[in-house]
1. Using modelled amide H (1.01 Å from N, peptide plane; none on Pro or chain starts), what sits under 5 Å from the amide H of S60, excluding residues fewer than 5 places away?
2. Give me the number: length gained by fully extending I88 to V69, i.e. 0.36 nm times residue separation minus the C-alpha to C-alpha distance, one decimal in nm.
3. Run the quick spin-label model on I98 and Q17: label points 7 Å from Cα toward the beta carbon, then report their separation in nm to one decimal.
Amino acid sequence: MTKNSILLIEYAIMSRQRGMTRFDALVDACHKRARPIVMTTIAMASGMLPAALSLMGGDSSFRQPMAIVVIGGVVMSTLLSLIVIPVIFTFVDDFEQILKRVLRRLGLAQNIAGDKPHASNDHAAIAFQPEQARRGQGQR
């Protein structure tokens with residue numbers, strides 16, 4: 001279930017790089033990732049339900065508590081992925097913005113990540129212009 005949180009945050013970061021606001025990027029990421037996360041949770045809980053209800057043959061004194069714990073862990077992981085992780089991402093992003101401002105004021109910010117546009121967003125680098133290249137002005 002850790003990969004769900006990583007994919008959710010990665011999707012939100014990519015959406016922000018495309019120009020979305022932080023809130024819209026997080027809502028969009030949660031909306032797009034909710035179905036696979038919930039489907040995984042339902043499948044895992046459904047698979048463990050017979051053991052949790054002692055419907056399996058044999059001695060259930062060992063399997064029942066383990067199945068209950070697994071179901072609880074999967075449900076908690078789902079809640080963490082869809083609710084808590086986006087909130088923590090918001091706090092970390094706010095802290096990063098505050099830290100950037102403080103470093104700029106102190107003059108310690110030379111090349112802070114995120115200040116310059118990513119190469120894929122730099123239209124001058126993407127669009128090859130032969131006349132600029134001949135004059136030595138083109139970016140490679």
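Read-outs throughout are calculated quantities, based only on the coordinates presented, and are distinct from any laboratory measurement. If you're wondering where the values come from, they're calculated on a predicted model, not measured in any experiment. Because the Cβ atoms are built from the backbone with ideal geometry, glycine has one as well, and the counts that use them run over all protein chains shown.
1. Close amide H contacts, sequence-distant or interchain: none at all.
2. Details: separation 19, 0.36 × 19 = 6.84 nm, distance 2.51 nm.
So the extension gain works out to 4.3 nm.
3. Modelled inter-label distance: 2.7 nm.
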